[in-house]
Every structure is written in structure tokens, then in C-alpha cells.
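Undergrad: There's a structure below that I have some questions on.
The values are calculated or read from the model by the stated rules, or taken from the named source; none is laboratory data. The structure displayed is predicted, hence computed values, not measured ones. With ideal geometry, Cβ positions are generated from the backbone for all residues, glycine too; neighbour counts draw on all protein chains shown. Heads up: the accessible areas ignore ligands, DNA and RNA and are worked out on the full protein's heavy atoms, side chains in. Shrake-Rupley method; radii C 1.70, N 1.55, O 1.52, S 1.80 Å.
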Amino acid sequence: MNTKKEILIGILVGIIANTLGTLLYILLFSDLSISETYQAAVKQGHVGSLLALGAILNLVAFFGFLKIKRDQRAKGVLISTIVTALIILYYKVF
């Protein structure tokens with residue numbers, strides 16, 4: 001397959017895994033609704049922490065792609081994880 005297409009698939013999987021991980025964390029560990037939890041995280045400055053906890057599912061996707069020998073897709077997941085880290089850094093600094 002085309003290398004760029006494989007990397008793009010990995011990036012999309014990384015974004016979806018991060019989103020699902022964040023939502024799953026909110027649903028399991030918060031008594032508030034999703035929007036209320038997000039608003040509370042913004043007020044308290046914990047949006048970066050929410051994103052970081054959601055990124056844990058990227059580990060599963062990354063190592064899953066490595067196990068089935070889809071290295072380019074794993075590279076895409078790594079790229080989306082690095083972008084998430086930069087977003088977290090932005091929230092922590094500003």
C-alpha cells in the first residue's frame with residue numbers, strides 16, 4: 001500500500017483512540033456529564049491531564065500495529081501522540 005496512506009490511517013487511528021480514551025476516562029471516573037467534566041477541567045486547568053489520560057489508548061494502537069507488522073501505521077499513531085503531547089504542552093504553558 002501507499003506509505004502516505006498508511007501513515008494517514010495511523011494518524012486517524014491515533015486521534016480516534018485518544019478521543020475514545022478521554023471519553024472512556026470521563027465516563028468511568030467522573031460523576032459529571034462529559035460537557036460538565038470538560039468545562040470543569042477548563043476552569044481548573046486540567047485539560048492537558050484529560051488528554052494525557054486519553055492518550056493511553058494510543059499505546060494499545062501503537063503496539064498492536066507493531067505486532068501485526070504495520071510499521072507505517074504505528075508511525076502515524078506516534079505522530080498523533082506527539083501532536084497530542086504538543087497540545088498538552090500548550091495547555092500547560094498558556
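Undergrad: Mind ranking D71, D31 by accessible surface for me, highest first, 1.4 Å probe?
TA: Output order, biggest surface exposure first: D31, D71.
Undergrad: Right, another one. Residue by residue, what Karplus-based ³J(HN,Hα) values in Hz, rounded to whole numbers, does segment 3-14 have, using 6.51, -1.76 and 1.60 with θ = phi - 60° and x for Gly and Pro?
TA: Ordered by residue, 3J(HN,Hα) equals 4, 5, 5, 5, 5, 4, 4, x, 5, 5, 4, x Hz.
Undergrad: Below 8 Å between Cα atoms, with a sequence gap of 6+, how large is the relative contact order for the chain in percent?
TA: Once divided by the residue count of the chain, the mean separation gives 43 percent.
Undergrad: Please compute the net charge surrounding I79, taking Lys and Arg as +1 and Asp and Glu as -1 over other residues with Cβ under 15 Å from its Cβ.
TA: Summing Lys and Arg as +1 and Asp and Glu as -1 gives +3.
Undergrad: Principal axis extents for segment 29-73, Cα atoms only, whole Å, descending order, please.
TA: Taking the Cα atoms of segment 29-73, the three principal extents are 42, 18, 12 Å.
Undergrad: Note down the net charge around G64, summing +1 for each Lys or Arg and -1 for each Asp or Glu among other residues with Cβ under 13 Å from its Cβ.
TA: Around G64, the surrounding residues sum to +3.
Undergrad: Could I ask something else about it? Let me test this: with uniform point scatterers at the alpha carbons of segment 1-51, what is the Debye-based log₁₀ I(q)/I(0) at q = 0.15, 0.20, 0.29 1/Å?
TA: Reported log10 I(q)/I(0), two decimals: -0.50, -0.69, -1.06.
Undergrad: Ranked by accessible surface with a 1.4 Å probe, highest first, in what order do I11, I68, I26 come?
TA: Result of the area sort, largest leading: I68, I11, I26.
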